[in-house]
Amino acid sequence: MTDERPVLVATEADDLTADMVITELNRRHVPVARFDPADIGTDLTVSARFGNCPAPVAGQLRTPSRTVDLTRIRSVYWRRPVWPAFDHLGADDARFAAAQVRYGLGGTLYALDGPLWINHPLRNNAADYKPAQLAVARRLGLTVPPTLVTNDPDEARSFIAAHHRVIFKTLRWTPYQRDGVPVTGWADPVTAAEIDESVLAAPHLFQAIVDKVADLRVLVVGRAVFAVRIESGMLDWRRDYSALTYTVVDLPGRMEKALLAYLAHFGLRSGSFDLAVGRDGDLWWLELNPNGQWGWLEEATGLAMSAAFAELLTQGEAT
């Protein structure tokens, strides 16, 4: 019997990576319902019932092209959804309406316990705290560069003096502008002389620089592991994608096992890990992006990443 349960894909309008996965789902003849929370209103409606129906949650989610029975969702790909800002409303009304969408639409979807999620947003959020990431990596026996999180200028200066070559990294990437110019949070070198009292305003993350020869980006999808060595010669390879070269590699079994255990700790089905390759060949754990980009790597290497996502979403096993 054909399984007609749809896969929900929650993402923004222009998302080429999601398009790649949807193309693979179409090849498998799996129904797909794509939506973006920002379309709430005429292009997206939700009706959910609780308490007076056989299922814990019942109802429908409607887009211009589909009506989805909330009790018959196969899986959810929570990709890059955008929450509405209601810019046409006054500040208080906009804040109120935005909260109702997050806790109404979002809360209804989060309450579904049948579908497989890649990844459940609440689990993504829990895994997105860098101090928690660092601690879990150490517990799993991964090699982590000496790192300090502090808002104490003296502690920061002492750390830099002890490790000499140190970078500053944002604890959470946040888009913002300075004097009208977009500022991106690269990993940048920092010296003790640059530390001033402004550090007191908020915690900062300082990390000893790894003496590396290359980087690894590792995408895990279910039990499938895709590892790509990135040659750049740069401290932060994200600065210039045109200068990168890629090589598909195999991870050591111990590292693969640790990364799978890492995702299991946070209840994630997928994640993108960044590792550094030291001059001695040792692998250094840097960070996890629970919902990282990977589409450009499939295009560059031919690895079947989108097919792995589609296969997992097609299985639709409950988390």
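Assorted remarks:
- Residue that is within 22 Å of Trp294 (Cα to Cα) and hydroxyl-bearing (Ser, Thr, Tyr), where the choices are Thr71, Thr11: Thr11
- For segment 64-79, filtering for residues that are closer than 15 Å to Leu109 by Cα and surrounded by 15 or more Cβ atoms within 10 Å (Cβ to Cβ) leaves 10.
- Tally, over segment 246-275, of residues that are basic (Lys, Arg) and either modelled with pLDDT under 95 or surrounded by fewer than 15 Cβ atoms within 10 Å (Cβ to Cβ) (or both): 2
- Matching residues, segment 304-313, being touching a helix residue (DSSP H, G or I) at 6+ places or on another chain (Cβ under 7 Å) and surrounded by fewer than 21 Cβ atoms within 10 Å (Cβ to Cβ): Ala307
- Pairs are defined by a Cβ separation below 8 Å, a sequence spacing of at least 6 or placement on different chains, a first member in segment 240-263 that is more than 14 Å from Arg217 (Cβ to Cβ), and a second member that is of a type in the set (Ser, Thr, Tyr); the pairs so defined are Asp240/Ser232; Ala243/Ser232; Leu263/Ser270.
- Qualifying residues in segment 158-192 (those that are β-branched (Val, Ile, Thr) and touching a strand residue (DSSP E or B) at 6+ places or on another chain (Cβ under 9 Å)) - the one modelled with the lowest pLDDT: Val183
To keep it simple, each residue is scored yes or no on (1) more than 26 Å from Pro81 (Cβ to Cβ); (2) surrounded by 13 or more Cβ atoms within 10 Å (Cβ to Cβ); (3) basic (Lys, Arg); (4) not assigned by TED's automatic domain parsing to the domain that holds Leu44.
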{"site": "Leu109", "(1), (2), (3), (4)": "no, yes, no, no"}
{"site": "Ala135", "(1), (2), (3), (4)": "yes, no, no, yes"}
{"site": "Asn151", "(1), (2), (3), (4)": "yes, yes, no, yes"}
{"site": "Ser158", "(1), (2), (3), (4)": "yes, yes, no, yes"}
{"site": "Lys169", "(1), (2), (3), (4)": "no, yes, yes, yes"}
{"site": "Arg172", "(1), (2), (3), (4)": "no, no, yes, yes"}
{"site": "Pro175", "(1), (2), (3), (4)": "no, no, no, yes"}
{"site": "Ala187", "(1), (2), (3), (4)": "yes, yes, no, yes"}
{"site": "Thr191", "(1), (2), (3), (4)": "yes, no, no, yes"}
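- Restricting the first member to segment 139-157 and to residues that are over 14 Å from Asp196 (Cβ atoms) and modelled with pLDDT of 95 or more, and the second to residues that are β-branched (Val, Ile, Thr) and surrounded by 16 or more Cβ atoms within 10 Å (Cβ to Cβ), the beta-carbon pairs closer than 7 Å and six or more apart or on different chains are Pro145/Val210.
- Any pair with Cβ under 8 angstrom, 6 or more apart, that starts in segment 57-74 at a residue that is closer than 12 Å to Val7 by Cα and ends at one that is basic (Lys, Arg) and outside any strand (DSSP E or B): Arg72/Arg5; Ile73/Arg5; Arg74/Arg5
- Summed over segment 199-231, residues that are more than 19 Å from Ala135 (Cα to Cα) and surrounded by fewer than 16 Cβ atoms within 10 Å (Cβ to Cβ) total 7.
- Residue match in segment 197-211 (condition: under 27 Å from Phe309 (Cα atoms) and modelled with pLDDT of 95 or more): no
- Filter result (outside any loop (DSSP other than H, G, I, E, B) and loosely packed, with under 14 Cβ neighbours inside 10 Å) within segment 3-22: Leu16
- Of all residues in segment 213-239, those satisfying the criterion of being in contact with a strand residue (DSSP E or B) (Cβ under 6 Å, 6 or more places away or on another chain) and either in a helix (DSSP H, G or I) or free of Cβ contacts under 8 Å to residues at least 60 places away in the same chain (or both) are Val218, Val220, Ala227, Arg229, Ile230, Glu231, Trp237.
The values are calculated or read from the model by the stated rules, or taken from the named source; none is laboratory data. Nothing here was measured: the structure is a model prediction, and the numbers come from that model. Quick reminder, even Gly has a Cβ in these numbers, built from the backbone with ideal geometry, and neighbours come from all protein chains shown.
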